[in-house]
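Working notes, beginning with the structure itself.
What follows draws every value from the coordinates through simple rules; no lab data is involved. Just so we're clear, the structure is a prediction, and the values are computed from it rather than from any experiment. Cβ placement follows ideal geometry from the backbone for every residue including glycine, while neighbour counts extend to all protein chains displayed.
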Amino acid sequence: MARTPFGSKGREGGSESVFTPPTSSSSSSSPGGLTAFIDQGSEFEGKLSFKDTVRIDGRFRGEISSENTLIVGEAGEIEATISSKTVAVSGSVVGDISATTKLVLHKTARVEGNIQAGSLVIEDGAQLNGQVTMGKGGGKPAAASGQSLKAIDGGGQAGSDKKNP
């Protein structure tokens, strides 16, 4: 069956095909749903503000502020100051990150900058160069500059390739 352009009706063999766009209520029924996507190959510069979830797989330079979630995909290259409730990084970020609730650095993440986070998850293989401040009140940052951080897998020591007999 052939598809017809938006809003037009076509008849082919007695059947009717109508394209119906998603309604705006779908975003309100799923709070935190993806509201914007900057794809690989795209470049954006400036100030980005949003209320829900945005995923960046392209290049962004400037300032990012969010009331919800920022996702930096594996191909994402960010040079920005980031302020968000939740941040998940799989790509590259150069700049300071403030995540009031949670920051997740996936195994392919590369971060150069200082971090302020309510909680921090670092997967084995992620790279972080900067200072980390945990909790709401701040306190003394834990120096991470120049160090390779590794997660402990629960079965042994961090960075150990030896298996227990």
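Charge tally around residue 38: other residues with Cβ under 11 Å, Lys/Arg +1 each, Asp/Glu -1 each, net -2. The rule of thumb for compact globular proteins, 2.2 N^0.38 Å, goes into the C-alpha radius of gyration of the stretch 31-143 0.97 times.
Amide H contacts of residue 57: 38, 39, 40, 73, each under 5 Å away and 5 or more positions distant or on a separate chain (H built 1.01 Å from N in the peptide plane; Pro and chain starts excluded).
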